[in-house]
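What follows is one structure encoded as structure tokens, with my remarks underneath.
The values are calculated or read from the model by the stated rules, or taken from the named source; none is laboratory data. No experiment lies behind these values; they were computed from the predicted model shown. Positions of Cβ are generated from backbone atoms using ideal geometry, with glycine treated the same way; all protein chains shown enter the neighbour counts. Keep in mind that these areas ignore ligands, DNA and RNA; they rest on the heavy atoms of the full protein, side chains included. Shrake-Rupley method; radii C 1.70, N 1.55, O 1.52, S 1.80 Å.
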Amino acid sequence: MAAMIDGGKTLPESDPEVSEAIDFIEFYALCAEEAYQSPHVDVSGLGVVAVISPWNFPIAIPCGGVAAALAAGNTVLLKPASDTVLPAYHLCKAFWDAGVPRSALQLVPCRGSDAGRRLVEHPDVDSVILTGGTETAQAMLRMRPGLALSAETGGKNATIVTGLSDRDLAIKHVLQSAFGHSGQKCSATSLLLLEEEVFEDAAFRQTLADACRSMTVGSAWELQTLVGPLIRPPRGDLARGLKELEPGESWLVMPEPFENNPNLYRPGIKWNVQPGSFTHMTELFGPVLGVMSFRKLEQAIAIVNATGFGLTSGLESLDDREQTVWSQHLRAGNLYINRSTTGAIVLRQPFGGLGKSAFGPGIKAGGPHYVSSFMKIVDPEQHLQLFDSHSWTLPGLKTLWCRLSSPEGLALQRACQDSNDTEEIIDRIRVALASYDHWGVTEFRNEHDSVKIVGQDNIRRYRPIGLLRVVVRENDAPLDVGRAIAAAHAAGCRVTVSHRKDEAVALIQWLEYLTHDWAAGIEFLETDDETLIQAIEAGEIERIRMMPCEHIESELQQAANSANVHLCAKPVVSDGRFELIHYVREQSLSNTYHRYGNLGRRGRGATTGRLTSM
């Protein structure tokens, strides 16, 4: 009810949020319990986590952030959007009534432009969970460059429809994705890319227009409403998108104000949008859909990737070959085949994006690793024992294991630091290598369908960071650097190690010896700070792994923030479950393979056609 009052959400849009909130609470509690009970790491909360939530999902998103931060062991400050304070209050009250102390969860209803700014800048706030605009995330990092920010931001999401699709179903899925909650979802389809034969199909065009016009516009309190009110009258980019056409464009369905209500608009469809245009490249966040044409699927994928966003994306095609090409080359956090691009479900489709759609570590909400983002995770004080036996799967880690204890390896390691703990360091690295090998193969190089629903695959998979840079400094511990490089290799990354001239010379020699057999899998670069920053600005680095340190150069931090390059300086741990997540991006793929309940080959027990493991 509160979401309908403050946010204008219809009942069919609000009710699933309640279910999702419940799922978050139950799932995150289980994830936290598993981490806290692990004998392989010591876990504690970060301290104070600020949850800054949006108005368009005023129940599920703030509940998910609060639940994750509380489960991780933190004190939580919830700052809801100014438009939707009422549902935030009722949410907090539910937590308080359930026994969460008011000192552990506090509601901070304030404007983001004043008190919200002070909240972000306050040194006692250890982490911020943001769901909001890309510009908001960038502004926060400018306010506080070293902020531990986990942000899910905007999206310019597209659905591609090929000639081998079920065209009627495609129209249903696209309109549901584009105009649910009046298009005010970060996951909403904003672009529709049609293969030429579909684009030129007069019957398809007419059906799409008729279906759009038939969508009921009205008050959130009317049960038949499909397109409810905007949170406020259109302005800025949305106002332009609803009113203006660029060269070559025309209105298939013109968006119009409804019943003289400035917050109600009939949805519109803009035809023949051109690559590089305003509608192609700009997030509009409202009831307007841009339609583009393409000749080849690869061209369509390039058009979608060109936006720089990467939150959700859809494909309507019944062809396995097209599905495979699209799912391997489309850059987005959530991929959907033959279904709508909205409505991600906890565990089934963990949610989060790539590119301009995510800031921070990029660990997906509703997934098994999300809670760990808000924990301090370190090695246990008690030294872990090596497995009695380990059957190696990743050859690179096995050769590193062997070279560690060779006479030359031991001599080079002793030269790295003035200490007598060489034997302990070697033992600890060996423990880590076995764990990295296990988790690399069983979790991070594999695909997982945790729910196995008949008629729909829901696959969680991981993509190794393509341009990873491990930065080594003079006083970095050999134990940390050796494990970080091994973890990156186990995750499937090609590792590039940066070091300053004449710094950490013995450490680099040791690492070069250990990784000699990796060939092109690792590269060592002598790089000063200015060159490193230039590489970030040139897009040559996607993520930086540094060892734990008290101070990170402000110029390096600011350059990484400006380029949206996550700089991870968390403690290196020997448990691969927690360490390898720093070197990958999680991706969700949901494929509805039935048609009208018919399972096809899958129902006859034939080859599934599911994508093979990485």
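Observations
- Residue count for region 5-34, restricted to those that are open to solvent by less than 20 Å² (accessible area, probe 1.4 Å) and either aliphatic (A, V, I, L, M) or farther than 18 Å from ILE231 by Cα (or both): 5.
- Filtering region 79-96 to residues that are out of contact with any Asp or Glu (no Cβ under 8 Å at 6 or more places or on another chain), surrounded by 15 or more Cβ atoms within 10 Å (Cβ to Cβ) and among the charged types (D, E, K, R) leaves only LYS79.
- Looking only at region 529-541, residues that are part of a loop (DSSP other than H, G, I, E, B) and open to solvent by 60 Å² or more (accessible area, probe 1.4 Å) come to 2 in all.
- Qualifying residue in region 420-436 (condition: open to solvent by less than 40 Å² (accessible area, probe 1.4 Å), of a type in the set (Phe, Trp, Tyr), at pLDDT 95 or above and assigned to a helix (DSSP H, G or I)): yes
- Region 319-343: number of residues that are among the small types (Gly, Ala, Ser) and either open to solvent by 10 Å² or more (accessible area, probe 1.4 Å) or free of Cβ contacts under 8 Å to residues at least 24 places away in the same chain (or both): 2
- Among residues of region 35-61 that are more than 24 Å from LEU130 (Cβ to Cβ), those with a beta-carbon under 8 Å from a residue that is assigned to a helix (DSSP H, G or I) and open to solvent by less than 20 Å² (accessible area, probe 1.4 Å) at least six positions away or on a different chain give the pairs HIS40/SER435; VAL41/ALA35; VAL41/PHE578.
- The set of residues in region 62-112 that are assigned to a helix (DSSP H, G or I) and among the hydroxyl-bearing types (Ser, Thr, Tyr) comprises SER82, THR84, TYR89.
- Positions within region 475-520 being open to solvent by 20 Å² or more (accessible area, probe 1.4 Å) and within 29 Å of the chain's Cα centre (by Cα), in sequence order: ASP480, HIS489, GLY492, ARG494, ALA520
- Some residue of region 217-228 being surrounded by 17 or more Cβ atoms within 10 Å (Cβ to Cβ), at negative phi, in contact with a Phe, Trp or Tyr (Cβ under 6 Å, 6 or more places away or on another chain) and not small (Gly, Ala, Ser): yes
- Hey, GLY353 assigned to a loop (DSSP other than H, G, I, E, B), buried (at least 21 other Cβ atoms within 10 Å of the Cβ) and under 18 Å from the mean Cα position of the chain (by Cα) or not: yes
- Residue in region 128-135 that is hydrophobic (A, V, I, L, M, F, W, C), under 24 Å from the mean Cα position of the chain (by Cα) and assigned to a loop (DSSP other than H, G, I, E, B) present: no
- For region 97-113, a residue qualifies if it is open to solvent by 70 Å² or more (accessible area, probe 1.4 Å) and either of a type in the set (Val, Ile, Thr) or modelled with pLDDT under 95 (or both), and the qualifying residues are PRO109, ARG111, SER113.
- Lone qualifier among ARG213, ARG167 - being open to solvent by 20 Å² or more (accessible area, probe 1.4 Å) and more than 26 Å from ASP320 (Cβ to Cβ): ARG213
- Qualifying position, being within 23 Å of the chain's Cα centre (by Cα) and either over 12 Å from PHE285 (Cβ atoms) or among the hydroxyl-bearing types (Ser, Thr, Tyr) (or both), among SER187, SER165: SER187
- In region 373-390, the qualifying residues are those that are modelled with pLDDT of 90 or more and out of contact with any helix residue (DSSP H, G or I) (no Cβ under 6 Å at 6 or more places or on another chain), and the one that is most open to solvent (accessible area, probe 1.4 Å) is LYS376.
- Residue match in region 198-205 (condition: over 30 Å from GLY45 (Cβ atoms), surrounded by fewer than 20 Cβ atoms within 10 Å (Cβ to Cβ) and basic (Lys, Arg)): yes
- When residues of region 391-419 are limited to those that are of a type in the set (Ser, Thr, Tyr) and under 36 Å from the mean Cα position of the chain (by Cα), the one surrounded by the fewest Cβ atoms within 10 Å (Cβ to Cβ): SER391
- Number of residues in region 291-318 that are in contact (Cβ under 8 Å) with a residue 24 or more places away in the chain, of a type outside the set (Gly, Ala, Ser) and exposed (fewer than 15 other Cβ atoms within 10 Å of the Cβ) equals 2.
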